[in-house]
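The values are calculated or read from the model by the stated rules, or taken from the named source; none is laboratory data. Remember, predicted model here, so these are calculated numbers, not experimental data. With ideal geometry, Cβ positions are generated from the backbone for all residues, glycine too; neighbour counts draw on all protein chains shown.
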Amino acid sequence: MNPLAPVMDFLTDKLGPLGPLLAIGFVGFLLILIALPTVMKKQRDRYRELRDQQPGSTSGDEKKRALRRTDSRLDKLERFAQFLEPQKKEELSAAKLKMLRAGYPGKNAVRMFHALQFLMAIGFLLIGTVVAVVKSFSADLDTGAILMHTLMPCAVGYFIPRYWLDKRVEKRRTEIIQGFPDSLDMMLVCVEAGQSLDQSIIRVGKESRVGYPSLADEFDMVAQEIKAGKERTTVLKDMSERVGVPDVASFVTTLVQSATFGTSIADALRVYSADMRDKRIMRAEEMANKLPTKLTLGTMLFTVPPLLVILIGPSVYGIATMLAEMMSR
């Protein structure tokens, strides 16, 4: 005999068919409320306490510490970092790289993304639970239907941010691919006009802002890192890894080899920009060649049936009329 049968019968009698599910949800919610104070409790930063106790601290250091405390207060998700960020270094690096490719370079981007996933999953779960409760009043729902109404919206709410992020990455990648040949032509013009490579990168980022903002953001980031004193080769390699476009990676390799062997950057840009223009033309021709194949299904569905009706319809009508007259005789 099942020892939980009396409890299940009692919950069903008092709360209806969904009594056991509601009881489990209430217990889970109660456990979450009990665990929240422990989770939200701020851990002691012993390194900061020792640094504050040093006698050589000045008023300027105190102001900096106050600013840091203000920033930590503004970062509401800092205390949940162990729950909202992957604990493995490789997974965290991959998540940050994906957020960078989506156009979110902030340090809290990964936390915000996982927090949004969690909130949307909980929100859709609550909506599904409400729908299941409302439907249970009008019709009897079995266990499979209850799970379908509750867990399916939860899964949908969890995967919506991931799907949107993938679409964002693909859109940004397409925008960079489309605008990269024009940016190379503009960079070649700037270099041949006497500007240095760093100045041409700044100029290209400023001029391409209107048409290709994602590409402009990448060039601006490169310019800012070079101004900060980072080595140009490292900055360009970081850009190629951050963007994830093969054309940009080949461009970076060309610039690095040109700087290594001492060849002219203008000649390298001229040859590579011509290759990029040819690639863009080939991509346009490829898309144009795919168009007839994609239109075949639409042509068959919307052109052939009306044409058959026009051509064969009168004959079918005549034959049907003739058969009717013969049968009437």
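Considering only residues of segment 245-304 that are loosely packed, with under 10 Cβ neighbours inside 10 Å and among the small types (Gly, Ala, Ser), which is farthest from ARG173 (Cα to Cα)?
Restricting to residues being loosely packed, with under 10 Cβ neighbours inside 10 Å and among the small types (Gly, Ala, Ser), the top hit is GLY262.
Residues SER250, SER258, SER273, SER315: which one is among the polar types (S, T, N, Q), in a helix (DSSP H, G or I) and in contact (Cβ under 8 Å) with a residue 24 or more places away in the chain? Steps first, please.
Numbers: SER250 fails: in contact (Cβ under 8 Å) with a residue 24 or more places away in the chain; SER258 fails: in contact (Cβ under 8 Å) with a residue 24 or more places away in the chain; SER315 fails: in contact (Cβ under 8 Å) with a residue 24 or more places away in the chain.
Step by step, each of SER250, SER258, SER273, SER315 is checked, and only SER273 is among the polar types (S, T, N, Q), in a helix (DSSP H, G or I) and in contact (Cβ under 8 Å) with a residue 24 or more places away in the chain.
Between MET112, MET152, which is more than 30 Å from GLY205 (Cα to Cα) and among the hydrophobic types (A, V, I, L, M, F, W, C)?
Only one candidate qualifies: MET152.
Within segment 265-275, does at least one residue satisfy the condition of being at pLDDT below 90, of a type in the set (D, E, K, R) and within 22 Å of LEU100 (Cβ to Cβ)? Quick ask: steps written out before the conclusion?
Step one: list which residues in segment 265-275 are at pLDDT below 90, which gives 265-275.
Filter once more, keeping what is of a type in the set (D, E, K, R): 267, 270, 275.
Adding the requirement that they be within 22 Å of LEU100 (Cβ to Cβ) leaves none.
No, because not a single residue in segment 265-275 is at pLDDT below 90, of a type in the set (D, E, K, R) and within 22 Å of LEU100 (Cβ to Cβ).
The rows are residues; the columns are (1) aromatic (Phe, Trp, Tyr); (2) over 21 Å from ALA23 (Cα atoms); (3) crowded, with 17+ Cβ neighbours inside 10 Å.
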{"residue": "LYS96", "(1), (2), (3)": "no, yes, yes"}
{"residue": "GLY103", "(1), (2), (3)": "no, yes, no"}
{"residue": "PHE118", "(1), (2), (3)": "yes, yes, no"}
{"residue": "THR129", "(1), (2), (3)": "no, no, yes"}
{"residue": "PHE137", "(1), (2), (3)": "yes, no, no"}
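Return the pair list, or none, for Cβ contacts closer than 6 Å from residues in segment 277-299 that are over 21 Å from ASP182 (Cα atoms) and in contact (Cβ under 8 Å) with a residue 60 or more places away in the chain to residues that are of a type outside the set (Lys, Arg) and in a helix (DSSP H, G or I), at least 6 apart or on different chains.
none
Determine whether segment 133-149 contains at least one residue that is among the charged types (D, E, K, R), modelled with pLDDT of 55 or more and closer than 30 Å to PHE219 by Cβ.
Looking through segment 133-149, none of the residues is among the charged types (D, E, K, R), modelled with pLDDT of 55 or more and closer than 30 Å to PHE219 by Cβ.
Test each condition in (1) touching a residue at least 24 places away in the same chain (Cβ under 8 Å); (2) in contact with a Phe, Trp or Tyr (Cβ under 6 Å, 6 or more places away or on another chain) for SER208 and report the one that comes out false.
(2)
Please give the number of the condition GLY194 fails out of (1) part of a helix (DSSP H, G or I); (2) surrounded by fewer than 17 Cβ atoms within 10 Å (Cβ to Cβ); (3) not basic (Lys, Arg).
(1)
Those residues that are more than 23 Å from ILE24 (Cβ to Cβ) and aliphatic (A, V, I, L, M), I need them from segment 102-126; list them, please.
Those that are more than 23 Å from ILE24 (Cβ to Cβ) and aliphatic (A, V, I, L, M): ALA102, ALA109, VAL110, MET112, ALA115, LEU116.
Going by what's in this entry, would GLY157 be described as over 24 Å from PHE113 (Cα atoms) and among the small types (Gly, Ala, Ser)? Steps first, please.
Working: over 24 Å from PHE113 (Cα atoms): no; among the small types (Gly, Ala, Ser): yes.
Against the criterion (over 24 Å from PHE113 (Cα atoms) and among the small types (Gly, Ala, Ser)), GLY157 does not qualify.
Out of GLU241, GLU231, GLU225, I need the residue that is surrounded by fewer than 12 Cβ atoms within 10 Å (Cβ to Cβ) and of a type in the set (Asp, Glu). Which one? Outline the logic, then answer.
Working: GLU241 fails: surrounded by fewer than 12 Cβ atoms within 10 Å (Cβ to Cβ); GLU225 fails: surrounded by fewer than 12 Cβ atoms within 10 Å (Cβ to Cβ).
Exactly one of GLU241, GLU231, GLU225 is surrounded by fewer than 12 Cβ atoms within 10 Å (Cβ to Cβ) and of a type in the set (Asp, Glu), namely GLU231.
Of (1) free of Cβ contacts under 8 Å to residues at least 24 places away in the same chain; (2) of a type in the set (Gly, Ala, Ser); (3) within 30 Å of TYR104 (Cα to Cα), GLY244 satisfies all except one. Which?
It is condition (1) that GLY244 fails.
Among the listed residues LEU295, LEU255, LEU269, identify the single one that is closer than 30 Å to ALA95 by Cα and not β-branched (Val, Ile, Thr).
None of the other options fit; the residue is LEU255.
Does LYS98 count as outside any helix (DSSP H, G or I) and within 25 Å of the chain's Cα centre (by Cα)?
Here the answer is no, as LYS98 does not meet what is asked.
Looking at MET187, is it aliphatic (A, V, I, L, M) and surrounded by fewer than 19 Cβ atoms within 10 Å (Cβ to Cβ)?
Values: aliphatic (A, V, I, L, M): yes; surrounded by fewer than 19 Cβ atoms within 10 Å (Cβ to Cβ): no.
Considered against the rule, which asks whether it is aliphatic (A, V, I, L, M) and surrounded by fewer than 19 Cβ atoms within 10 Å (Cβ to Cβ), MET187 comes out as no.
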